[in-house]
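Here's the structure, in structure tokens; my notes come after.
Coordinate-derived values only; no laboratory data. These numbers were taken from a predicted model, which means no experiment stands behind them. No Cβ is skipped: glycine too gets one built from the backbone with ideal geometry, and neighbour counts run over all protein chains shown.
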Ligand SMILES: *[C@@H]1O[C@H](CO)[C@@H](O)[C@H](O)[C@H]1NC(C)=O
Ligand SMILES: *[C@@H]1O[C@H](CO)[C@@H](O)[C@H](O)[C@H]1NC(C)=O
Ligand SMILES: *[C@@H]1O[C@H](CO)[C@@H](O)[C@H](O)[C@H]1NC(C)=O
């Protein structure tokens, strides 16, 4: 029976140890905080002496009157009052209260971990060709991101990459946090310049055809073209291609392209190219086609033939 009791006692102790090991012993508090560590005392306890220790070094001692520390260090019931805590005040706080009979009638044990309060972070960003990288600047701490004040799922790194171009209606912020505090940056609107390009496939001859391509990031829903010939802007669909057939001299000049978005707000942007219309090669202006290499050679051959015939006629 006796040994059974011992086994149960040992088992309980082991369980107790395991339970203790599993939990974080710290009570986390921020630098600058004030906390009170309660003293548990039995109802009939009459104080003869009270001692508070930090990591087994006495920090407060009272027997009749205060011998170490000062009156204001403890409350009327003997609990420890700590004000304006600093990191070096982390450690295990322990109290022992004795009655006149020299018996313990009150005690306390608590481990304080004093950690720095996070400071307010700030968001910066860099625009690349097809994405934006946001950075949360601040001291090392845990991070979370928000988008119009709603959490961005799964974004806990210092940097986050957003594809394309964020709308100007969208605000980003990041929050730095630790066990005792959290701080959120100011909200930031991303304004990456719109990337716009326009190209003409080649210089064109009168009577020929030409294609002018406009391209933008973020991708536009429509493009507005201003041309030398049309009084009103011309709307071009999402492919951004403006085509001209049977080109005349009057089509030469400046073409401006301006992207339009049906959803989303972006900076105004436009781009301009110059179209040069070359006069037709043939004097009559009948064949608008550019002579290819073979045609040139044929032409040369034909000229040679005439020359040969002419020479033959001379020698006759
Ligand atoms: C108390 O001990 C803990 C753990 O060993 C240590 O981190 C802390 O700095 C000590 N505190 C003081 C005030 O010495
Ligand atoms: C984004 O932030 C700006 C400036 O802080 C504010 O004026 C605007 O209303 C915010 N927009 C949204 C959608 O929250
Ligand atoms: C094109 O952009 C410039 C500034 O970048 C602006 O001054 C001009 O008015 C714009 N043109 C059109 C047609 O929007």
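Dividing the Cα radius of gyration of segment 22-115 by its Kirkwood radius returns 0.98 for Rg/Rh.
Here the simple spin-label model places points 7 Å from the Cα toward Cβ, and for residue 219 and residue 56 these points are separated by 7.0 nm. Each residue in 266, 28 was given a count of other beta-carbon atoms within 10 angstrom of its own, and listing them fewest first yields 28, 266. Here the relative contact order of segment 42-93, from alpha carbon pairs under 8 Å that lie six or more residues apart, stands at 29 percent.
Dimensions of segment 136-224 based on its C-alpha atoms, expressed as ranges along the principal axes with the largest first, amount to 76, 22, 20 Å.
Using only Cα positions of segment 195-278, each an equal point scatterer, no hydration layer, compute I(q)/I(0) via Debye at q = 0.11, 0.14, 0.17, 0.26 Å⁻¹ and quote the log10 values to two decimals. Once normalised to I(0) and log-transformed, intensities are -0.28, -0.44, -0.63, -1.29. As an exercise, use a Förster radius of 25 Å and the Cβ-Cβ distance of residue 177 and residue 131 to find the FRET efficiency, rounded to the nearest 0.05. Given R0 = 25 Å and the Cβ-Cβ separation, E is 0.45.
Going from the residue with the fewest nearby Cβ atoms within 10 Å to the one with the most, 126, 262, 159, 227 rank 262, 126, 159, 227.
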